[in-house]
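Enquirer: Here you go, one structure.
Just so it is clear, none of the values below were taken in a lab; they were calculated from the coordinates. This is a predicted model, so every value here is computed, not measured. Positions of Cβ are generated from backbone atoms using ideal geometry, with glycine treated the same way; all protein chains shown enter the neighbour counts.
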Amino acid sequence: MSVVRVGLVQMALKAPTSAPVAEIRDAMNAAHVEQVHRAAAQGVQVICFQEVFNAPYFCPVVEPRWLEAAERVPEGPTTQLMCDLARKYAMVIVVPLYRRHDNGRKTNTAVVIDADGSVLGTYEKTHVPTTGSHLHTMIPNQDRGTERFWFEPGATGFPVFQTRYLKLGVYICYDRHFPEGWRALGLAGAEYVVNPSATWKGLSQHLWTLEQPAAAVANGFFVGAINRVGVEEPWAIGEFYGSSYVADPRGRILAQGPDNSDALVVADIDLDVARQVKETWRFETHRRPETYGRLVS
């Protein structure tokens with residue numbers, strides 16, 4: 001199969017942050033189920049949601065109740081729900097959530113579910129930022145945390161998943177600022193890499209349509225960039241600006257969502273284009289790993 005139809009879901013929070021954590025999760029799960037139904041009606045074969053899609057971006061605060069948002073994989077309710085949908089619609093679904101491991105670790109994780117409803121594996125956010133000092137200047141007089149309070153750095157490496165429709169890689173939010181992971185995914189044969197995010201205006205909006213198309217060009221794959229929308233009270237660190245998009249291996253944006261509302265972004269990606277780009281530029285052939293030692297020292 002050369003042409004694959006992909007979808008990205010960007011969404012504002014569907015319940016106040018003051019609501020019980022389970023209520024927020026259920027509201028967000030239900031809203032995303034509706035988007036999967038819409039995507040299936042449009043023939044989408046691979047879909048991805050935003051970072052920690054069924055919770056607010058709670059990292060600016062230290063409130064123990066948000067630990068309740070962490071779920072086990074694959075037996076947790078969200079993974080099981082999405083496995084059923086994947087099986088029903090023969091759709092690959094990438095489910096970014098807060099994961100609680102059996103050994104007590106907690107990670108920012110994306111679950112990759114194949115079109116038969118089976119869990120192919122997971123990717124854990126590798127580069128976990130410390131944003132506390134930055135947020136202190138933006139949100140005085142509040143308790144504030146950092147992502148490292150909530151998420152341990154990932155231990156999965158950079159897997160590429162052979163799904164029914166294509167070879168899929170995942171990078172998560174802050175990861176996108178690090179070219180090493182993009183390269184690792186490209187060298188492992190990824191044809192399409194999704195980057196579910198939670199990023200707000202004033203922090204990295206200028207970079208949003210620069211870094212990821214550049215990574216697509218440098219590595220010869222398609223990129224799906226997903227960002228949530230809206231302002232989440234009470235911490236209100238800024239406005240999440242949506243603008244989710246699909247970029248091709250020539251750096252062109254094929255489809256893009258609005259910056260201030262829910263959207264299902266759909267694009268057709270031609271995997272033959274990725275092969276043509278790789279054959280033209282031959283970056284893999286011309287690499288010189290023997291000169292790159294300082295990159296890992």
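Enquirer: Defining a contact as two alpha carbons under 8 Å apart and six or more residues distant in sequence, what relative contact order in percent does the chain show? Intermediate results must be reported in sequence, preceding the final value.
Expert: Numbers: 666 pairs, mean separation 58.0, N = 297.
Rounded, it is 20 percent for the chain.
Enquirer: While we're here: Less than 14 Å Cβ to Cβ from Ala90, Lys/Arg counted +1 and Asp/Glu -1: what total charge do the surrounding residues give? If you can, show how the numbers build up before the last one.
Expert: Details: positive: Arg5, Arg87, Lys88, Arg164; negative: Asp84, Asp114, Asp116.
That sum, taken over residues with Cβ under 14 Å, equals +1.
Enquirer: Compare the peptides 287-296, 77-86 by average per-residue count of other Cβ atoms within 10 angstrom and give them in order, highest first. Could the numbers behind the result be given before it?
Expert: Values: 287-296: 8.2, 77-86: 19.4.
Those peptides, ordered most packed to least, come out 77-86, 287-296.
Enquirer: Be a star and scan region 201-242 for residues whose amide nitrogen sits under 13 Å from the point 7 Å along the Cα-to-Cβ vector of Arg288.
Expert: The answer is none.
Enquirer: Moving to a separate point now. Cβ under 13 Å from Ile113's Cβ, Ile113 left aside: what net charge do those residues give with Lys, Arg +1 and Asp, Glu -1?
Expert: Details: positive: Arg87, Lys88, Arg164; negative: Asp84, Asp114, Asp116.
With Lys, Arg at +1 and Asp, Glu at -1, the neighbours total 0.
Enquirer: Sort out for me the Cα centre separation of region 1-33 from region 199-236, rounded to whole Å.
Expert: Taking the Cα centre of each part, region 1-33 and region 199-236 sit 18 Å apart.
Enquirer: Between the helical axis of 271-281 and the dominant principal axis of the chain, each derived from Cα atoms, what acute angle in degrees is found, rounded to the nearest 10?
Expert: Roughly 60 degrees between the two axes.
Enquirer: Additional query: Where both residues lie in the chain, what percent of DSSP beta bridges are antiparallel, nearest 5?
Expert: Values: 33 of 49 bridges.
Counting DSSP beta bridges with both partners in the chain, the antiparallel share is about 65 percent.
Enquirer: Out of every Cα-Cα pair in region 179-284, what percent are more than 22 Å apart?
Expert: Values: 1849 of 5565 pairs.
Tail of the P(r) past 22 Å holds 33 percent of the pairs.
Enquirer: Specify the angular offset, from 0 to 90 degrees and rounded to the nearest 10, of the alpha carbon long axis of helix 21-41 from the longest principal axis of the alpha carbons in the chain.
Expert: 30
Enquirer: Which value in deg cm²/dmol, rounded to the nearest 500, describes the helix-derived mean residue ellipticity at 222 nm for the chain, given -39,500 (n - 2.57) per DSSP H run of n ≥ 4 and division by the residue count?
Expert: -8500 deg cm²/dmol
Enquirer: Given Cα positions, please report Rg to Rh for region 3-287, the hydrodynamic radius being the Kirkwood one.
Expert: 0.94
Enquirer: I've got another one for you. Of the candidates Pro60, Pro20, Pro153, which one comes out as most mobile in a Gaussian network treatment of the chain with C-alpha springs shorter than 10 Å?
Expert: Of Pro60, Pro20, Pro153, the Gaussian network model singles out Pro20 as fluctuating most.
Enquirer: Let me ask you something else. Can you list the lysines whose alpha carbon is less than 24 Å from that of Lys125, not counting same-chain residues fewer than 8 positions off?
Expert: Cross-link targets: Lys106, Lys167, Lys201.
Enquirer: Can I ask one more? According to the Kirkwood expression over distinct Cα-Cα pairs, how big is the hydrodynamic radius of region 226-285, in Å? Please list the in-between numbers first.
Expert: Numbers: mean 1/r = 0.0729 Å⁻¹.
So the Kirkwood estimate lands at 13.7 Å.
Enquirer: Residue-wise, which Karplus ³J(HN,Hα) couplings in Hz belong to region 152-169, taking 6.51 cos²θ - 1.76 cosθ + 1.60, θ = phi - 60°, and x for glycine or proline?
Expert: With the stated coefficients, region 152-169 comes to 7, x, x, 10, 8, x, 10, x, 10, 9, 7, 8, 4, 10, 6, 8, 10, x Hz.
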